[in-house]
Amino acid sequence: MRFSATLNLVCCLMVPVAAAGISGCSSATNSDAPPVATDSATSTGFTDTDSEAVAAAAPQKETATFAAGCFWCVEAVFEQLKSVENVRSGYTGGKPDDATYKLVSNGDTGHAEVIQFEFDPSVISYEELLEVFWTSHDPTTLNRQGYDVGTQYRSAVFYHSDEQRKLAEAYKKRLNDENAFGSPVVTEIVPFDKFYSAEGYHQDYFAANGNEPYCQRIIRPKVEKVRKVFADKLR
């Protein structure tokens, strides 16, 4: 992990969240032959042991959920990374049993704009994902990113296991011990509860709307700088 080297590039990656004017054959058989009883093992050529070996060899996916301001930006950053799949923008962390963009935008639901995705930890580790997460936004401003203000824009790690919690807490402690940002990191590290998927038009927003002013002036510079810093982590 290039922790120290990455810290030197943190400030270069901080991009304002808003700016003025800126508002996803079967083989033939002999019909005369008597029927032969078969089981799944003989008909497929696989034994139970073979099936267990295949299952063990399959990628063991984990889930990650991060909040770092506007989910359009966060989604565009993480979609670039190797083994990251099924990236969804949505909401979590609040009390209501339902969440919509209109409700969450009021800032009183307790929900944060988040992205959630699956990844293969044998390809990219959770700690590497944390490195990208903390480097790609400003985690020192409480309930805001740039001009986007409200609890829905807070910095947060919603962990899915005790191991994720330990890694996130240790990483946050190192950032603060080394005064990496010049101010304390205020990122929440809290257990994941329930994910509410955002409306369809929010999904793959940058990919679908890359020519819009907000995408060009806010999202694209962040994406390009992350691609430069984390070239070894890209697909």
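Counting other beta carbons within 10 Å of each residue's own, what order do Cys215, Cys70 fall into, fewest first?
On the way: Cys215 20, Cys70 23.
Ordered from fewest to most neighbouring Cβ atoms within 10 Å, Cys215, Cys70 come out as Cys215, Cys70.
Using θ = phi - 60° and the Karplus form 6.51 cos²θ - 1.76 cosθ + 1.60, what ³J(HN,Hα) does each residue of region 80-97 get, whole Hz, x for Gly and Pro?
Along region 80-97, the couplings run 7, 7, 5, 6, 7, 9, 6, 6, 10, 8, x, 9, 7, x, x, 8, x, 7 Hz.
Tell me, His202, His111, His137 in order of fewest to most beta-carbon neighbours within 10 Å?
Going from least to most buried by this count: His202, His111, His137.
Run the dipole for region 62-233 about the Cα centre, Lys and Arg Cβ at +1, Asp and Glu Cβ at -1, nothing else charged, and hand back the magnitude in debye, nearest 20.
500
Just add up the charged neighbours of Gly107: K/R +1, D/E -1, any other residue whose Cβ is under 14 Å from the Cβ of Gly107.
+1
Could I have the simple spin-label model distance between Arg227 and Glu199, label points 7 Å from Cα toward Cβ, reported in nm to one decimal?
Simple spin-label model gives 2.9 nm for this pair.
Could you list which residues have their amide H under 5 Å from that of Tyr159, counting only those 5 or more apart in sequence or on another chain, with H placed in the peptide plane?
Val190, Phe192
With point charges of +1 on the Cβ of Lys and Arg and -1 on the Cβ of Asp and Glu, referenced to the Cα centre of region 62-233, which listed residue (Phe230, Ala180, Ser155) lies farthest in the positive direction of the dipole?
Final value for the positive-end residue is Ala180.
For region 78-126, which chymotrypsin sites (Phe, Trp or Tyr not before Pro) are both in a DSSP coil and crowded by at most 16 other Cβ atoms within 10 Å?
Within region 78-126, no chymotrypsin sites (Phe, Trp or Tyr not before Pro) qualify (loop, at most 16 other Cβ atoms within 10 Å).
Could you put Asp97, Asp204 in order, starting from the residue whose Cβ has the fewest other Cβ atoms within 10 Å? Before the final figure, lay out each step's value.
Working: Asp97 7, Asp204 17.
If I rank by nearby Cβ atoms, fewest first, I get Asp97, Asp204.
Run the reach check for Lys233 against lysines, Cα to Cα strictly under 28 Å, same-chain hits fewer than 8 apart removed. What comes back?
Within the straight-line cut-off, Lys233 pairs with Lys61, Lys82, Lys166, Lys172, Lys173, Lys222, Lys225.
Suppose R0 equals 35 Å. What FRET efficiency, 1/(1 + (r/R0)^6) with r the Cβ-Cβ distance, do Arg217 and Ser122 give to the nearest 0.05? Walk me through the numbers on the way to the answer.
Numbers: r = 37 Å, r/R0 = 1.06.
Rounded to the nearest 0.05, the efficiency is 0.40.
Just check region 64-202 against the gyration tensor rule for me: Cα atoms, a ≥ b ≥ c as the square roots of the eigenvalues, rounded for a/c under 1.5, and otherwise prolate or oblate depending on whether a/b exceeds b/c.
oblate
Which one, Phe71, Ile124, Leu167, is farthest towards the positive end of the dipole of region 62-233 when Lys and Arg carry +1 and Asp and Glu -1 on their Cβ?
The Cα lying farthest towards the positive end belongs to Phe71.
Tally Lys and Arg at +1 and Asp and Glu at -1 over the other residues with C-beta under 11 Å from the C-beta of Ser89: what net charge comes out? Show your work: numbers first, answer last.
Numbers: positive: Arg88; negative: Glu75, Glu79, Glu113, Glu199, Asp204.
Neighbour charge sum, excluding Ser89 itself: -4.
All of the numbers you see were taken from the coordinates with simple rules; none came from a lab. No experiment lies behind these values; they were computed from the predicted model shown. Note that each Cβ is placed from the backbone with ideal geometry, even for glycine, and that neighbours are counted across all protein chains shown.
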